[in-house]
Every structure is written in C-alpha cells, then in structure tokens.
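Computed from the coordinates by the stated procedures, all read-outs in this text should not be read as laboratory data. As the structure is a computational prediction, the values presented were derived from the model and not from experiment. Here the Cβ is made from the backbone with ideal geometry for all residues, glycine too, and neighbour counts use every protein chain on show.
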Amino acid sequence: MGSPGADDNASGVSLLLEIAKFFSDKDLNIDLRFLFFPNEEPPFFETKEMGSVVYVNEILKREEKVELMICLESIGYFREEEKTQEYPFPLNLFYPDKGNFIGIVSNLKSKRWMKKLVEVFKRKTNIPVQYIAFPPVIPGMTFSDHSAFWKAGFNALMITDTAYLRNPNYHTEFDLPETLDYNKLYEVFKGLEIFLKKLYNIKHKR
C-alpha cells in the first residue's frame, strides 16, 4: 500500500514483457507461457486466492505437464558497496555481503535446472550470480509465486535480487524507478534469453 513498486515488482513485470516481446516473432517447439499472477502479497499470500495457487490448481485439474516454471521476483536493485546484502542465518556465513548479484533459488527437485541456468549466467552475462538449492525451510525461499509450483511437485526457480534482504526501499514510498540498475537488469534479460534459446529449437516466423 502506497509503494510505487519499482523493484517489487515492476522490475520483474518489465523483464517478462521484454522476454515475451523477444519470443513473439518466433516459433517454438514447446508451449511457452508468460504469466502475470495477481494476489501474491498479503492478505492473499499462501491462500487459495493467491493467483499462482489458482493457476496451479487449474493445471492440475487439466493434468498438464509443467517442465519448468521461472519466477521473476524483484530483480532491479543492486549495490556495489560492502555490507549491502543481508541473509537469514546461516547463509550469511557463506555468501558475499555486496548486493551486486542476481540470485537463483531452487528446491532440491529443481536443482538440475538451476545448474543449467547458473551456467548460462556465468558464461554469457556480466552480472555476478549466487545460487542455492535447498529444502524450502530457509526464510524467504518461498516468498513468491514459485512456491505454489513447488508444493504441487513441479520444477520451479526464483530469480531475485533478494528484495527486502537488500533493498531498503522495499514496500515503501521510496521504491522508485531511479533506484534501479538498468544495466544489470539488461544482463538478467540476456541470461534468460540465452537460457531459453539454448533449451528449445527456435526459428523466426519472418
């Protein structure tokens, strides 16, 4: 309430729009869906009214196969200074304290997909990447729409700048467009574009 929401989550929405635009003139050998879920925030979070929960229940009814879901959480806020990144214990013992990376979060079932995506980011982009594959017991691991897919047994990943663990403007009136790093946001776009092109046969319509 009252937040412009530039990082949370206009950054994720804008990137998904650009990815959709990129693939709009291409034929794919898969069913690639671009989804914008409502009701991710309280009071709907982790209730049956949460948009991703409604969607997952529908695809379960239709017995559709989901190979992978990628959730674009807040992805636009980055800092190069030390001590600009926080973590829940015990991650603070292992991960860097500069908030200059993009994070990829996986449960154990989706680990192989995480490895593929991390490899692309490391080899093809100019943005640092940190990642974790762990049972969803660490605070924050389930704080987005991928959690509904995990609970249904589907593979899912979350891409995030870690939101409130980094961005002091989170859910405030100061979450403004000028606080975002658009060069790094483009690197996230590039990583996703290359990842999807590597996975699937693509040809231009035109």
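Annotations
- Rg to Rh quotient for the chain, alpha carbon positions, Kirkwood Rh: 0.94
- Relative contact order computed over the stretch 6-204 (Cα-Cα under 8 Å; 6+ residues apart), in percent: 33 percent
- Given charges at beta-carbon only (K, R positive; D, E negative), |dipole| of the stretch 6-204 in Debye: 1200 debye
- Equivalent-ellipsoid semi-axes of the stretch 1-113, from the Cα gyration tensor, Å, largest first: 28, 19, 18
- Highest-first arrangement of 58-70, 157-169, where packing means the average Cβ count within 10 Å: 157-169, 58-70
- Prolate/oblate/rounded call for the stretch 91-199, Cα gyration tensor, a/c under 1.5 rounded: oblate
- Considering only the stretch 6-204, percent of DSSP beta bridges that pair antiparallel, nearest 5: 45 percent
- Pairs of Cα atoms nearer than 8 Å and 6+ residues apart set the relative contact order; for the stretch 1-92 it is 41 percent.
- Under 16 Å from the PHE36 label point (7 Å along Cα→beta-carbon), backbone N, the stretch 57-83: 72-74
- Considering helices alone, the calculated mean residue ellipticity of the chain at 222 nm is -9000 deg cm²/dmol, with DSSP H runs of length four and up weighted by -39500 (n - 2.57) and normalised per residue.
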